[in-house]
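Trainee: Encoded as structure tokens, here's the structure I'll be asking about.
The values are calculated or read from the model by the stated rules, or taken from the named source; none is laboratory data. Bear in mind that the values here come from a model prediction, so they are computed numbers and not experimental data. When we count neighbours, we look across all protein chains shown, and the Cβ atoms used for this are built from the backbone with ideal geometry, even at glycine.
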Amino acid sequence: MLSYRHSFHAGNHADVLKHWLCVLTAQYMGQKDKPFLYVDTHAAVGVYSLQSRDAKKTSESDGGIKAIWGKKVPAVMQPYMDLVQSINKSEKLNLYPGSPWFVQQCLRAQDKARLYELHPQDFVLLNKNFKEYRNVKAEKADGFVGVKSLLPPPQKRAMVVIDPPYEQEHEYKMVVQSVKDSLKRFPGGTFVVWYPLINRRSMNSANKQNMAEKMAGQLSRLGAKSFLDVRFWVNGKDENPGMYGSGLAVINPPWNLAGQLEEGMPFLVENLGQTEQAGYSVDYLEG
Ligand SMILES: C[S@@+](CC[C@H](N)C(=O)[O-])C[C@H]1O[C@@H](n2cnc3c(N)ncnc32)[C@H](O)[C@@H]1O
């Protein structure tokens, strides 16, 4: 059952962190002449209207991109902001892109992208949004299965973004299994895994939070050469019900990613933080 629609959440604080990190990683991949493959296992639609009924229903972008739009951002965030600016083509913020669009904009002619989306309606929109790009192929298929078939890539370089809705608890385990299998096939790949930080007030949310933390821990112990975990919380873990922040586990991150995140995170805390308890952490492990 697929009930999650990213159109309700586009441009929220979690998207800002995730997409900024995706842009930094894709730009780093593009610094070498050799081509690379981009895989988005859970692509959703790619471009969202912030004026849509879905977006207006939750107003989540108010606490995300809208809160930093038009502000002077740290230099390390400027490429991300420039991309949001370029899709809007005006001073007004009407559109907000998704992970496949941000990364596609960083690809060169020699790079390729493979996008997976299972939701029937969102897949139609995804396909429409990317049909003009000859180096992008979208498939209505399970991204966990798709990524297996693509690794190791002929290019010998790949960036994989894994961003499930975590509506079902087994998705946490599937992520770990997928990265584990992928590393066996292709130890040098860069994998970006998004996960929510959820308030533990109810039994169900406490369970989900435990699973998210367990998942991040397991991903850090898969034996990759290096691992980075960045977390950003907009309020304290016990202050409000629901998602109070998000994290990204990056397996084989660019060597300079931790430093870049350290440069920009205080700006996000200052501008998107909702209470005194807002904060961030960046942990980098080698070996
Ligand atoms: C959180 S959204 C992805 C957002 C997108 N990565 C972005 O940042 O713009 C998760 C998407 O995964 C889709 N989905 C769920 N399970 C899937 C699966 N096994 N394979 C591919 N897509 C799936 C959902 O329909 C939803 O559109």
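Trainee: Looking only at segment 83-110, which residues are closer than 25 Å to Gln274 by Cα and out of contact with any Leu (no Cβ under 8 Å at 6 or more places or on another chain)?
Mentor: Of everything in segment 83-110, those that are closer than 25 Å to Gln274 by Cα and out of contact with any Leu (no Cβ under 8 Å at 6 or more places or on another chain) turn out to be Gln85, Lys92, Gly98, Ser99.
Trainee: What number goes with the only condition from (1) without any contact (Cβ under 8 Å) to a residue 24 or more places away in the chain; (2) under 15 Å from the mean Cα position of the chain (by Cα) that Arg221 does not pass?
Mentor: (2)
Trainee: If Asn204 passes every condition in (1) surrounded by fewer than 21 Cβ atoms within 10 Å (Cβ to Cβ); (2) within 20 Å of the chain's Cα centre (by Cα) but one, which one does it miss?
Mentor: (2)
Trainee: Then there's this: Within segment 104-123, which residues are more than 10 Å from the ligand (Cβ to nearest atom), of a type outside the set (Gly, Ala, Ser) and loosely packed, with under 14 Cβ neighbours inside 10 Å?
Mentor: Scanning segment 104-123 gives Arg108, Gln110.
Trainee: What number goes with the only condition from (1) without any contact (Cβ under 8 Å) to a residue 40 or more places away in the chain; (2) closer than 29 Å to Ile251 by Cβ that Arg5 does not pass?
Mentor: (1)
Trainee: I would also like to ask the following. Of everything in segment 263-282, what is in a loop (DSSP other than H, G, I, E, B) and charged (D, E, K, R)? Give them in sequence order.
Mentor: Glu276 - this is the single residue of segment 263-282 that is in a loop (DSSP other than H, G, I, E, B) and charged (D, E, K, R).
Trainee: Kindly establish whether Gln260 is assigned to a helix (DSSP H, G or I), in contact with a Leu (Cβ under 9 Å, 6 or more places away or on another chain), within 30 Å of Gly70 (Cβ to Cβ) and of a type outside the set (A, V, I, L, M, F, W, C).
Mentor: yes
Trainee: Count, please, the residues in segment 177-190 that happen to be under 16 Å from the mean Cα position of the chain (by Cα) and either within 27 Å of Asn207 (Cα to Cα) or within 14 Å of the ligand (Cβ to nearest atom) (or both).
Mentor: 1
Trainee: Can you go through Val136, Val76 and tell me which one is surrounded by 16 or more Cβ atoms within 10 Å (Cβ to Cβ), away from the ligand (no atom under 13 Å from the Cβ) and over 27 Å from Gly247 (Cβ atoms)? Break it down stepwise before answering.
Mentor: Numbers: Val76 fails: over 27 Å from Gly247 (Cβ atoms).
Testing whether each residue is surrounded by 16 or more Cβ atoms within 10 Å (Cβ to Cβ), away from the ligand (no atom under 13 Å from the Cβ) and over 27 Å from Gly247 (Cβ atoms) leaves just Val136.
Trainee: Looking only at segment 193-225, count every residue that is among the hydroxyl-bearing types (Ser, Thr, Tyr), modelled with pLDDT under 90 and touching a strand residue (DSSP E or B) at 6+ places or on another chain (Cβ under 6 Å) and tell me the total.
Mentor: Within segment 193-225, residues that are among the hydroxyl-bearing types (Ser, Thr, Tyr), modelled with pLDDT under 90 and touching a strand residue (DSSP E or B) at 6+ places or on another chain (Cβ under 6 Å) number 1.
Trainee: Test each condition in (1) surrounded by fewer than 21 Cβ atoms within 10 Å (Cβ to Cβ); (2) outside any strand (DSSP E or B); (3) among the hydrophobic types (A, V, I, L, M, F, W, C) for Leu285 and report the one that comes out false.
Mentor: (2)
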